[in-house]
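Take a look at the structure below.
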Amino acid sequence: MTEYALQTHDLVKRFGGITATDHVNLNIAHGARHALIGPNGAGKTTLINLMTGVLPATQGRIVLQGQDISALAPHQRVRRGMVRTFQINQLFNSLTPLETLAMVVTQHRGEGARWWQPLGQSAAMTERAEQLLEQFHLTDVMQQRTEHLAYGKRRLLEMAIALACEPRVLLLDEPVAGVPAGERDELLQTVAALPSEVSIVLIEHDMDLVFNFADRITVLVNGAVLTEGTPQEIAHDPQVKAVYLGSSHD
Amino acid sequence: MNAHKSLLQAARWRPLELAFWVLAFVSPWAVAQHALIINEIAIVALFAVSLDLVLGYTGIVSLGHAAFLGFGAYAAALFAKHIHPDPLLGLCVGVVVATLLGAVCSLSIMRGTDLTRLMVTLGTALILLELANKYSDLTGGADGLQGVIMGPLLGKFEFDLMGQVSAWYSLTVLLLFFVLARRLVHAPLGGTLKAVRDNRLRAMAIGVPVASRIAVVYTVAAGVAGGAGALMAQTTGFASLDVFALDRSADVMLMLAMGGVGWLYGGIVGAIAFKLMYDVIAGITPQYWTFWIGLFLVVLVMVGRERLIRPWTWFSTKRQEGAV
């Protein structure tokens with residue numbers, strides 16, 4: 001086992017003539033709270049898509065827990081512990097939160113192809129689903145169809161689904177984006193309470209959250225790493241101020 | 001264990017369901033003069049349940065589901081004619097052959113969009129139709145495969161002209177496959193299928209092997225459709241090219257639209273509604289019955305099923321959800 005939970009080596013992604021990811025080397029430590037910031041178009045989401053396997057990399061390697069996962073399909077990476085949430089909620093609208101989480105837990109534990117016994121037959125898996133509902137403040141709405149849930153609850157479910165996959169590395173893509181002020185605290189608490197053994201990569205525009213949450217920050221600009229450091233170093237880096245904080249954090 | 005109970009609740013049989021099945025099985029005896037149409041309804045209902053697995057539960061559109069119906073029909077008819085007249089053996093052959101065809105065809109629908117799938121499935125059915133037409137030595141070509149003589153069911157019950165034995169036979173097969181489909185959609189497998197239907201991107205992101213799940217359900221559905229085809233050939237005593245026709249594929253989609261997708265009884269309700277409408281309207285105006293079916297379909301989609309069966313909501317302004 002290496003000391004890093006996730007590494008990228010010289011990762012490159014080109015779309016035609018555009019280089020969206022430009023020789024990115026990331027080292028995410030075990031249990032890290034690592035933030036990835038940068039102005040719009042810096043290539044943050046492309047990087048996530050490369051790491052999760054939604055997009056194939058043009059060049060470079062991705063190493064999860066010491067294993068090269070560059071050639072694996074998205075669902076295979078999930079099984080190895082690389083899990084993400086989405087900036088725009090990606091939920092199962094016709095299912096209830098309870099059904100969703102029971103299904104995800106069952107799938108993750110390798111029983112997703114069972115076809116004879118009903119979902120919920122296994123007490124252990126239902127219990128895990130209940131725990132997650134509790135942890136993400138969804139117990140009171142667990143029987144409602146997901147499409148009818150309030151936005152804050154949907155945001156929580158978005159994260160609960162990812163946690164149900166028992167991630168080792170969790171990629172959070174703007175977890176509080178668009179959440180109204182009243183529902184924000186609930187969400188921030190759950191983010192802060194994520195298990196410490198899970199390594200987290202956070203993409204976020206909300207600087208309060210980034211500087212409260214992260215122990216390391218990488219700044220991306222035009223697809224390349226501009227700099228990396230502790231929140232303090234980043235906060236006082238004149239380069240960062242110039243390209244990022246100065247331009248879009250008004 | 002509130003959550004536990006609530007999950008299992010969904011899979012439990014409701015009294016109304018049991019009542020429905022009892023009624024279905026009593027019907028060939030209670031209204032014996034309609035046994036033939038009951039048989040027909042049971043067969044198309046089975047076909048519709050099969051399509052619902054693919055379309056309703058997994059979100060895969062198909063305009064060529066008749067490929068499997070026809071394949072099962074010809075397989076069962078040929079088996080009865082040339083090898084053995086036993087209906088149950090023939091049914092098994094129809095199911096197995098259609099399942100194999102489904103497994104092969106599933107490769108063609110794993111990727112792509114709704115439109116490409118419509119084209120690919122439609123194309124598959126057309127290919128089979130033309131093959132059956134071409135190899136007329138085997139299939140009888142445009143004349144259909146005639147002279148299919150079935151042996152007695154279980155060695156005891158001869159198929160009668162009234163169609164009672166046929167009706168019970170078809171209802172039993174429908175029930176068996178229905179139970180199978182019902183188990184499947186309430187099981188974790190069904191949950192992951194719904195996940196694929198609702199949000200394929202996220203299904204992938206939680207580790208569901210999307211392509212292989214689609215292949216599995218498509219193969220199973222093909223087998224079920226093959227069973228319906230076998231029943232059709234066996235109870236009518238022949239197979240003709242129209243089992244592969246686009247009309248078949250379109251009609252079954254129409255039935256699902258009528259009864260509701262993603263709800264196994266939707267296929268059955270749709271089949272009953274469709275066949276009864278056909279029977280009644282064709283009795284009044286034999287030539288123009290499709291006009292009325294078409295009109296009904298347009299109204300159904302514009303107004304929405306939920307509203308249509310609740311006339312008291314027609315003049316209130318609040319919109320209801322759950323349209324087709």
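How would you classify the protein assembly as shown from its alpha-carbon gyration tensor, with a ≥ b ≥ c the square roots of the eigenvalues: rounded for a/c under 1.5, else prolate if a/b is greater than b/c, otherwise oblate?
Verdict is prolate for the protein assembly as shown.
How high is the FRET efficiency from residue A:236 to residue A:116, r the C-beta distance, R0 56 Å, rounded to 0.05?
The formula returns an efficiency of 0.35 here.
Taking 8 Å as the Cα distance limit and 6 or more residues as the minimum spacing, I'd like the relative contact order of region B:179-299 as a percentage.
Relative contact order, region B:179-299: 12 percent.
Please state the relative contact order of region B:23-268 as a whole percent: Cα pairs under 8 Å, 6+ residues apart?
Rounded, it is 43 percent for region B:23-268.
Based on DSSP, what percent of beta bridges with both residues in chain A are antiparallel, to the nearest 5?
Restricted to chain A, the bridges split so that about 55 percent are antiparallel.
Could you please state, rounded to a whole Å, how far the C-alpha centre of region B:233-276 is from the C-alpha centre of region A:209-236?
After rounding, the separation between the Cα centres reads 60 Å.
Between region B:40-111 and region B:167-197, how many Å separate their Cα centres?
Value for the Cα centre distance between the two parts: 14 Å.
Restricting to the protein assembly as shown, what percent of DSSP beta bridges are antiparallel, rounded to 5?
60 percent
What nm value, rounded to one decimal, do you get for the distance between residue B:301 and residue B:22 when each label is placed 7 Å out toward the C-beta?
My value for the distance between the label points is 4.0 nm.
So which residue, out of B:93, B:26, B:216, gets the largest mean-square fluctuation from a GNM of chain B using Cα contacts under 10 Å as springs?
B:26
Stokes-Einstein diffusion coefficient for chain A at 10 °C in a medium of 1.306 mPa s, Rh from the Kirkwood formula over Cα pairs: what value in µm²/s?
The Stokes-Einstein estimate is 84 µm²/s.
Quick one: check the C-alpha center-to-center distance for region B:279-308 versus region B:205-221, whole angstrom.
The two parts, judged by their Cα centres, are 35 Å apart.
Find the relative contact order for chain A and round it to a whole percent, using C-alpha pairs within less than 8 Å whose residues are 6+ positions apart.
Computed value for chain A: 27 percent relative contact order.
Efficiency by 1/(1 + (r/R0)^6): what FRET value for residue B:142 and residue B:12, r their Cβ-Cβ distance, R0 = 51 Å, to the nearest 0.05?
The value I calculate is 0.55.
Specify the residue with the greatest mean-square fluctuation among B:240, B:62, B:212, computed from a Gaussian network of chain B linking alpha-carbon atoms under 10 Å apart.
Most flexible of the set in this elastic network: B:212.
As an exercise, use a Förster radius of 30 Å and the Cβ-Cβ distance of residue A:150 and residue B:183 to find the FRET efficiency, rounded to the nearest 0.05.
Here the calculated transfer efficiency is 0.30.
Give the shape of region B:1-134 as rounded, prolate or oblate, defined through the alpha-carbon gyration tensor: a ≥ b ≥ c are the square roots of its eigenvalues, a/c under 1.5 means rounded, and otherwise the shape is prolate if a/b is larger than b/c and oblate if not.
oblate
In deg cm²/dmol, rounded to 500, what helix-only [θ] at 222 nm does the protein assembly as shown give when every DSSP H run of at least 4 residues adds -39500 (n - 2.57) and the total is split over its residues?
It lands at -17000 deg cm²/dmol.
Indicate the gyration tensor shape class of region A:21-82 (rounded, prolate or oblate), computed on the Cα atoms with a ≥ b ≥ c the square roots of the eigenvalues: a/c under 1.5 is rounded; otherwise a/b larger than b/c is prolate and the rest oblate.
Taking the square roots of the gyration eigenvalues as a ≥ b ≥ c, region A:21-82 is oblate.
Based only on the alpha carbon positions, what is the Kirkwood hydrodynamic radius of chain B, in angstrom?
Over chain B, the inverse of the mean reciprocal pair distance is 20.5 Å.
Where a number appears in this text, it was derived from the coordinates with a stated rule and is not lab data. If you're wondering where the values come from, they're calculated on a predicted model, not measured in any experiment. We place every Cβ from the backbone using ideal geometry, glycine too, and count neighbours over all the protein chains shown.
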